[in-house]
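Enquirer: I'd like to ask you about the structure that follows.
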Amino acid sequence: MGKEITNVSIDILKVHPRNTEFFDDISGSEYEEFKNSIKEEGIISEIIVSPDMTIISGHQRYKAAKELGIKIVPIRIREDLIDEDKKLKVLLAANFGRSKNDDKKQRKVAVEYVKLCGYGNGGDRKAQAQVGHVLSLEEIANQLGTSKTNLKRALSIERNLTEPMKQLLDDGVISKTVASDVIASLSENEQEDLISKLDVTQKYTQKQIQQYINEINQLKSQSAKEKIIDKTDYDLENKYKEAMSQISNLKTKINNLEIMNSTLKSSNESSESLLQSYKKESEEYIKLKNDIATLNLDPSGDYNVIEISKDITTLVNEIEKLLSTTLSPLRYSKILPVIKDNTALRKNLENIIYMVNDWCETMAETIGVTTNKNIIDMEELN
């Protein structure tokens, strides 16, 4: 199975990748004594390695030799350690129960080793096939160098205790016996209830823990009886409360919708009023526009009435000015008797009078003024 002891360079050796997961290094004065013994006597027990030079047993010797500057170390090669699971299994068995291991890691070693042996639920079927049968718990304990009772206790604690409860165990608040024989049978919730009653600064006996557990069970029993006595349909009551809450929410939503509807209605009425006002103003604007257009153009659309009005006003003003100044009768009152007896002068004046009279009649006819006599009475002139 293993070759003879061989001396090799320490540099070709490899630490097992999972060693620190399951085992701690020696520390303090114990390690210093161990290192001094190697310094004085050398490595007495050879380091066990696999064919690929992975250390299976002897990590502390390897560490001390490295620190001491030892270049050549004795090894024994286990030719059968080819499979990684088998390497790990031998690593665990070779180092289980060493004084440097704490309880937490020891429990992890126990669970992992039992798994590799194919024992119980989740066992390694490959391992079962290798040994030809399923190892008993007692056989596994013998391989680990411990008792069946201790192995069972480690497995029970690691598999069934919650992490907070394991911490109380590792802190010494409860013992291994109490943890495995009493607490391991409790559910997670029951373990939480138990922790809530414990003073983590004290240590408890099995009797004290059992008393706390009995109190918890009594409370649960009482609670169960109260549930039986209480006939209240809490599910129906909760449904009623939920329904009333929904009704209240619906009422609030309806009220908000009514407010919104009222606001929209008011807004709609205001909009309608504005629309009617705009429509009325629009109609007035169109009428005014048409009136302006009518004033600006005659029926044929050729003349600007406003411009004509301005021209007529100017004409009237000029005629009034002419009649009151140049053609004023007072101005010619002295010469009229002379003109009356002078045929030539009279004839010239008459021609002008006839022209003015014709113009006045034409304008009167144009604007629709009716008269029963000539605008200028020629008889009166005679």
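The values are calculated or read from the model by the stated rules, or taken from the named source; none is laboratory data. Worth saying up front: this structure is predicted, and the values here are computed from it rather than measured. A quick note on method: Cβ atoms are made from the backbone with ideal geometry, for glycine too, and the neighbour counts reach across all protein chains shown.
Enquirer: Report, by residue number, each residue of the stretch 89-109 that is of a type outside the set (D, E, K, R) and either part of a helix (DSSP H, G or I) or assigned by TED's automatic domain parsing to the domain that holds residue 32 (or both). Full working, then the answer.
Expert: Restricting attention to the stretch 89-109, the residues satisfying the condition of being of a type outside the set (D, E, K, R) are 90-97, 99, 101, 106, 109.
Residues satisfying the conditions are 90, 91, 92, 93, 94, 95, 106, 109.
Enquirer: Given (1) surrounded by fewer than 19 Cβ atoms within 10 Å (Cβ to Cβ); (2) more than 14 Å from residue 10 (Cα to Cα), where does residue 22 come up short, assuming only one miss?
Expert: In the conditions (1) surrounded by fewer than 19 Cβ atoms within 10 Å (Cβ to Cβ); (2) more than 14 Å from residue 10 (Cα to Cα), residue 22 misses (1) alone.
Enquirer: Could I ask something else about it? Of (1) loosely packed, with under 10 Cβ neighbours inside 10 Å; (2) modelled with pLDDT of 65 or more, residue 380 satisfies all except one. Which?
Expert: (2)
Enquirer: Can you name the residue in the stretch 27-50 that is in contact with an Asp or Glu (Cβ under 9 Å, 6 or more places away or on another chain) and either at pLDDT 95 or above or among the basic types (Lys, Arg) (or both) and is also farthest from residue 102 (Cα to Cα) among such residues?
Expert: Per the criteria, the residue is 50.
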